[in-house]
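Notes for the one structure printed next.
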Number of protein chains: 2
Amino acid sequence: MKKDLLKKYNISDDEFKFIEETIMEAFPHHAGPQWKFAGAFYFATVVMAMIGYGHSTPATVAGKAFCMLYAIVGIPLGLVMFQSIGERLNKVASILIKKLKTVLRFNNTDATEVNLLLATGVLSSLIITVGAAMFSQYEQWNYFDSLYYCYITLTTIGFGDFVALQSGKALQEKPGYVAMSLVFILFGLAVVAASMNLLVLRFMMLNMEDTKRDEEMFPA
Amino acid sequence: MKKDLLKKYNISDDEFKFIEETIMEAFPHHAGPQWKFAGAFYFATVVMAMIGYGHSTPATVAGKAFCMLYAIVGIPLGLVMFQSIGERLNKVASILIKKLKTVLRFNNTDATEVNLLLATGVLSSLIITVGAAMFSQYEQWNYFDSLYYCYITLTTIGFGDFVALQSGKALQEKPGYVAMSLVFILFGLAVVAASMNLLVLRFMMLNMEDTKRDEEMFPA
Ligand SMILES: [K+]
Ligand SMILES: [K+]
């Protein structure tokens, strides 16, 4: 069939290759590398983490229906997972801070909330600066754009103006880079969850405890 | 200047209007309605709620820097706000359920966790079905696509394959529709927060209480 086509329209092999690539790029949802294993895994991570770059989206009714179902189940599970890892990170940080304070012969070796916030702050900055260097290297973005990409990804905003793993057949040909990108997203989100745990959850727990005390003092 | 241009290139007024519109659409970031008040408010909501459709994104270094700063401050505040509203919604639902059970002469008039989950489930379904009807009407999407848009928005995934308020000059000319879309997003997210409050936060609080008890029993 390909031969007949080439003959009929007098297309050279090089021209055919160009046409093929153009079509492949225009229909990434049907035929492209987006839905091979690495691409699909990346997509699933992007949905579960609520990043939603929009670099690939379901096109059919069945695809959309499955995506909704997957999101409704996957997101709460993802939240619990990231929060659990985040909490454990806080616990490890707390132990390390205690040891450091003991070595430095502090009078009070307790890891305070402020210490922990500082630790997660330092760790987040480290992940973002190292991540930005990696993406700047592999995606040929300037360092500031890479930094912006890392922020927009780890806040789970995911505009999609910059999306990693989309150029130079990275999904098929650079498995190491694919793995590092996924580790960046998953570990980065766990560190963000650790900060959120310290900031937002404590606030909400205090709130809940207040409510509980109010209810105990003035039962309805 | 415009006159000179028209004369020089022999462009008719109608042709000029067409060219003008084409350019306006190609550079929405610089000159388009995206950055008038309604559009900017919509953008800020989309960032703060971590939806990040990507329908408009900062193009300059200063714009990106401000967007990062805004996200870092706005998102934790947004989370606390949505969670606070969500918690109050749960409290109101709990009072209504108690009253209903009293009227229906139940023996035990307490609002259980399962009752509350059912109530937020019903409320979410209502918001999504009504919201989908509204977007289907105004955006000329079919009902299923509208439903998909509502899900992808309220889960804060925000792919950006469907974005409300982008067609037919809605941002400038339909203030009522703009207001309803924002209410849909903000109220919808508060209801989602209420469910998350019941599902995820309770789980985490139990987790934290376990940890606290462990620490009290086996102090490090
Ligand atoms: K998002
Ligand atoms: K997004």
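The values are calculated or read from the model by the stated rules, or taken from the named source; none is laboratory data. Not measured: the values here are computed from a predicted model. A quick note on method: Cβ atoms are made from the backbone with ideal geometry, for glycine too, and the neighbour counts reach across all protein chains shown.
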| task | Confirm whether B:Phe43 is in a helix (DSSP H, G or I), within 18 Å of A:Ile157 (Cα to Cα), within 16 Å of ligand 2 (Cβ to nearest atom) and modelled with pLDDT under 95. | result | yes
| Quick check: anything in the stretch A:137-156 farther than 30 Å from A:Lys36 by Cβ and at pLDDT 90 or above? | yes
| task | Please specify each residue of the stretch A:44-79 satisfying the condition of being closer than 13 Å to A:Leu171 by Cβ and crowded, with 20+ Cβ neighbours inside 10 Å. | result | A:Val46, A:His55, A:Ser56
| query | When you scan the stretch B:163-178, how many residues do you find that are without any contact (Cβ under 8 Å) to a residue 60 or more places away in the chain, crowded, with 16+ Cβ neighbours inside 10 Å and more than 13 Å from the chain's Cα centre (by Cα)? | reply | 3
| task | Just need a number here: residues in the stretch B:85-96 that are within 12 Å of chain A (Cβ to nearest Cβ) and more than 22 Å from the chain's Cα centre (by Cα). | result | 3
| request: Mind counting the residues in the stretch B:141-161 that are more than 8 Å from chain A (Cβ to nearest Cβ), in contact (Cβ under 8 Å) with a residue 12 or more places away in the chain and surrounded by fewer than 20 Cβ atoms within 10 Å (Cβ to Cβ)? | output: 1
| Any idea which of (1) modelled with pLDDT of 90 or more; (2) more than 16 Å from ligand 2 (Cβ to nearest atom) is the one B:Gly52 doesn't satisfy? | (2)
| query | When the residues of the stretch A:116-135 are filtered to those that are buried (at least 18 other Cβ atoms within 10 Å of the Cβ) and more than 17 Å from the chain's Cα centre (by Cα), which remaining residue is nearest to ligand 1 (Cβ to nearest atom)? | reply | A:Thr120
| note | If we ask which residues in the stretch B:155-189 are within 16 Å of ligand 1 (Cβ to nearest atom) and aromatic (Phe, Trp, Tyr), their number turns out to be 2
| remark: Considering the stretch B:46-68, residues that are within 13 Å of ligand 1 (Cβ to nearest atom) and assigned to a helix (DSSP H, G or I), and then whichever is nearest to the other protein chains (Cβ to nearest Cβ), we arrive at B:Val47
| query | So which of B:Ile97, B:Ile85 is in a helix (DSSP H, G or I), without any contact (Cβ under 8 Å) to a residue 24 or more places away in the chain, surrounded by 13 or more Cβ atoms within 10 Å (Cβ to Cβ) and touching a helix residue (DSSP H, G or I) at 6+ places or on another chain (Cβ under 6 Å)? | reply | B:Ile97
| field | Filter pass, B:Ser181 being assigned to a helix (DSSP H, G or I), within 14 Å of chain A (Cβ to nearest Cβ) and either more than 14 Å from ligand 2 (Cβ to nearest atom) or at pLDDT below 90 (or both) | value | no
| task | Please give the number of the condition B:Val103 fails out of (1) out of contact with any Cys (no Cβ under 9 Å at 6 or more places or on another chain); (2) surrounded by 12 or more Cβ atoms within 10 Å (Cβ to Cβ). | result | (2)
| said: Given the criteria within 16 Å of ligand 1 (Cβ to nearest atom), part of a helix (DSSP H, G or I) and at pLDDT 90 or above, does A:Ala71 qualify? | reply: yes
